[in-house]
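Asker: Quick one: structure below, then a few questions.
Bear in mind these aren't lab numbers, they're just calculated from the coordinates by the rules spelled out. Note that the structure is a prediction, hence the values are computed from the model and not measured. Here the Cβ is made from the backbone with ideal geometry for all residues, glycine too, and neighbour counts use every protein chain on show.
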Amino acid sequence: MTQAKASSGAVARVEIAVRRKGETEFKPVEEKTLPEWMAERMAKLIKFGKGESP
Amino acid sequence: MTAVIFVETGEAFVADKVSPAGGGTATFFIGWGTGGSSTGATATNGDVDLAAAATEARVTATTEDQSAADTCRWIGILTAGATAKTIEEAGLFFHGTSTATGLIIRTSHGGVALATDDQIQYTFTLQFSGTAT
């Protein structure tokens, strides 16, 4: 079987920019990616257990 | 051992189904909230909704052309209402108003203190990422 490419799954990214009242442009403040969430989530699950909110 | 793979053409097909650039017809919405200051998907309701949705209604997302065949991108601008607040989370939804359903992607982020009429622009990007094998 020829396998050109195997997916490692979906990657989600969120970019956050803020514009204050009176300003003309949005200024980037943060960027989050799915792997980052997963790493943080795993750390929390290990520490607090599934279903518990730290 | 049998392998299960999600190949490039499959990634592009799925991306097309959710993006107008590829013929998709779905409408997407972006909302924000004041909960979930720690991590994504761990706070209460994190797997199905925002932890604490703010009073502002979700906005209809603008869907950009696909920057790549396997990538979809949505943009939404939310404006703070009459009450000052600190926004700490946002979500991409396929429902405009329903609660505890319709969530596709949720993020928490560092608190952003907003006064009336301040705005946040969220850009959600979803890529069905492949890895050469």
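Asker: Taking neighbour Cβ counts within 10 Å as the exposure measure, how do A:Phe26, B:Phe128 sort from fewest upward?
Answerer: Exposure proxy ranking, most exposed first: A:Phe26, B:Phe128.
Asker: Can you tell me which of B:90-99, B:105-114 comes out highest on packing, and rank the rest after it, using the mean Cβ neighbours within 10 Å?
Answerer: B:105-114, B:90-99
Asker: Considering every residue in B:102-108, what mean count of other chain Cβ atoms within 10 Å of its Cβ is obtained?
Answerer: Working: counts 0, 0, 1, 7, 3, 12, 4.
Taking the mean over all residues of the peptide, I get 4.
Asker: Order these by the 10 Å Cβ neighbour count, fewest first: B:Ile75, A:Ile16. Intermediate results must be reported in sequence, preceding the final value.
Answerer: Details: B:Ile75 17, A:Ile16 21.
Arranged by neighbour count, lowest to highest, B:Ile75, A:Ile16 become B:Ile75, A:Ile16.
Asker: Summing Lys, Arg as +1 and Asp, Glu as -1, what charge do residues with Cβ under 11 Å from the Cβ of B:Gln127 carry, B:Gln127 excluded? Before the final figure, lay out the partial values.
Answerer: Details: positive: A:Arg13, B:Arg73; negative: B:Glu11, B:Asp70.
Result for the neighbourhood of B:Gln127: 0.
Asker: Let me ask another. Using the count of nearby Cβ atoms within 10 Å as a rough guide to exposure, how do B:Thr71, B:Thr62, B:Thr34 rank from fewest to most? Let's see the in-between values first.
Answerer: Numbers: B:Thr71 22, B:Thr62 14, B:Thr34 17.
Taking fewest neighbouring Cβ atoms as first place, the list is B:Thr62, B:Thr34, B:Thr71.
Asker: Quick one: which residues, 5+ away or cross-chain, put their amide H under 5 Å from the amide H of B:Ile105? H built at 1.01 Å from N.
Answerer: Amide H to amide H, under 5 Å and 5 or more residues apart or across chains, B:Ile105 pairs with B:Leu92.
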